[in-house]
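The values are calculated or read from the model by the stated rules, or taken from the named source; none is laboratory data. Model, not experiment: these values are computed from the prediction. Every residue, glycine as well, gets a Cβ built from its backbone with ideal geometry; the counts of neighbours run over all protein chains shown.
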Amino acid sequence: MAARKKASATAEGTQLLHLVFGGTLTDLDKVHFDDLSKLDVVGIYPNYATAYDAWKDAAQRSVDDAHMRYFIVHLHRLLDPDTA
């Protein structure tokens, strides 16, 4: 399914920007980062499928650190909130 999304976004030329980043949380129950200057910005991707692949890779590299979390932010929704 992810490959289909990647292919369709590329074929149509659609750019739905996604940001992948992570950092060490102070508490596992909240999204509050320990040190904002140490956030790991993995990158900005043109579609969800490639962002997901980058998120998964980063999350798997940090699997031994329980406080490290990575997130995908739908930048296209922030840039144009009126579109679905």
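Things worth noting here:
- Subset of region 58-84 (residues that are more than 14 Å from D40 (Cα to Cα) and among the β-branched types (V, I, T)): V63, T83
- Residue within region 6-28 that is assigned to a helix (DSSP H, G or I), out of contact with any helix residue (DSSP H, G or I) (no Cβ under 8 Å at 6 or more places or on another chain) and at pLDDT 95 or above present: no
- Extreme residue, farthest from R77 (Cα to Cα), among residues of region 19-62 that are buried (at least 18 other Cβ atoms within 10 Å of the Cβ) and of a type in the set (S, T, N, Q): T50
- Filtered residues of region 38-62 (kept if of a type in the set (A, V, I, L, M, F, W, C), touching a helix residue (DSSP H, G or I) at 6+ places or on another chain (Cβ under 8 Å) and assigned to a helix (DSSP H, G or I)): A49
- Residue in region 63-76 that is in a loop (DSSP other than H, G, I, E, B) and surrounded by 14 or more Cβ atoms within 10 Å (Cβ to Cβ) present: no
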